[in-house]
Amino acid sequence: MLGPIPTLFVQRNVGNDQEVLWEQPTLTIGRDPTNDLVIEHKLASRRHARFEKDDVGFYIRDLESTNGTFVNGQRIQGAYLLRNNDEVWIGDTVIVFRDPEATMKGTPPPVARQRVLEPQEELRVDTKAKEVVLRGLPLDPPLTAKEFQLLDLLYQHKGEVLSKEQIAQGVWDYEVYDYNAIDALVYRLRHRIEADPSNPKYLVTVRGFGYKLMTGDPNA
């Protein structure tokens, strides 16, 4: 692609800011020192994302990173077409894209800088809104009432093992003697939130003890 060269303003919490001319077709980003832009932060993957350009425009592509690539605060999936003043957030770093062909007069200012300092959960439960967000997207269709009650209970105790007795009291409000009902509910819930229900990533069985929820947050 010929024409004016865009600029990337790299702003870090620690260390000096950096101005990079985007001259080559791609620029890789990540924690590995062989990347074009190195981000030495625990939330950055070794190969985290890549800037790309073609005849249509300029893009940022997430490379299936663990903690995600964000544009103006929203987690992206795959490639995202950049506009002037868009902010790309990775770990503790904000990269501002400046398109030299953009008409600067009247261009809205970039969004207020907000660092992504904490690990992002892949699975989140909003108790008040009765909403489940999975990998940045609301779960659609919504869970049934009992499915949501079970997930919400596990979410309030994420990382902890809950026995079937605790689940019975928390979801049914009384002691359930037929624990097959709990197993069936877990089975249905896994088919809603797991990519592979037979090998669950989030709703995990702890044999002899019960179940626990892992949300994709390293601190969970």
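Read the figures in this text as sums done on the coordinates, not as results from a lab. Just so it is clear, the structure is predicted and the values come from calculations on it, not from any experiment. Every residue, glycine as well, gets a Cβ built from its backbone with ideal geometry; the counts of neighbours run over all protein chains shown.
Show that you can apply the helix-only estimate: for the chain, add -39,500 (n - 2.57) for every DSSP H stretch of four or more residues, divide by all residues, and state [θ] at 222 nm to the nearest 500.
-5000 deg cm²/dmol
Quick one: if you stick a label point 7 Å off each Cα along the C-beta vector at residue 183 and residue 47, how many nm between them?
4.2 nm
Taking a ≥ b ≥ c as the square roots of the Cα gyration tensor eigenvalues, with a/c under 1.5 meaning rounded and otherwise prolate when a/b beats b/c, else oblate, which class fits the chain?
The shape class here is prolate.
Note the full-extension length gain between residue 191 and residue 205 as 0.36 nm times their separation in residues minus their Cα-Cα distance, in nm to one decimal.
3.6 nm
Taking H placed 1.01 Å from N in the peptide plane, check which residues at least 5 places from residue 86 or on another chain put their amide H under 5 Å from its amide H.
For residue 86, the qualifying residues are 97.
Which of 22, 172, 89 moves most in a GNM of the chain, Cα contacts under 10 Å?
172
For residue 146, give me every one of the lysines with a C-alpha distance below 26 angstrom, ignoring sequence neighbours fewer than eight places off in its own chain.
Here the lysines satisfying the reach criterion relative to residue 146 are 128, 130, 158, 164, 201, 212.
Would you work out which of 81, 94, 63 lies farthest towards the positive end of the dipole of segment 39-95? Charges go on Cβ: Lys and Arg +1, Asp and Glu -1.
Highest projection toward the positive end goes to 63.
What's the extension gain from residue 16 to residue 56 if we count 0.36 nm per residue and subtract their Cα-Cα distance?
Here the answer is 11.2 nm.
Using a Förster radius of 30 Å, what is the FRET efficiency between residue 165 and residue 64 based on their Cβ-Cβ separation? Nearest 0.05, please.
Step by step, r from the Cβ atoms, then E = 0.15.
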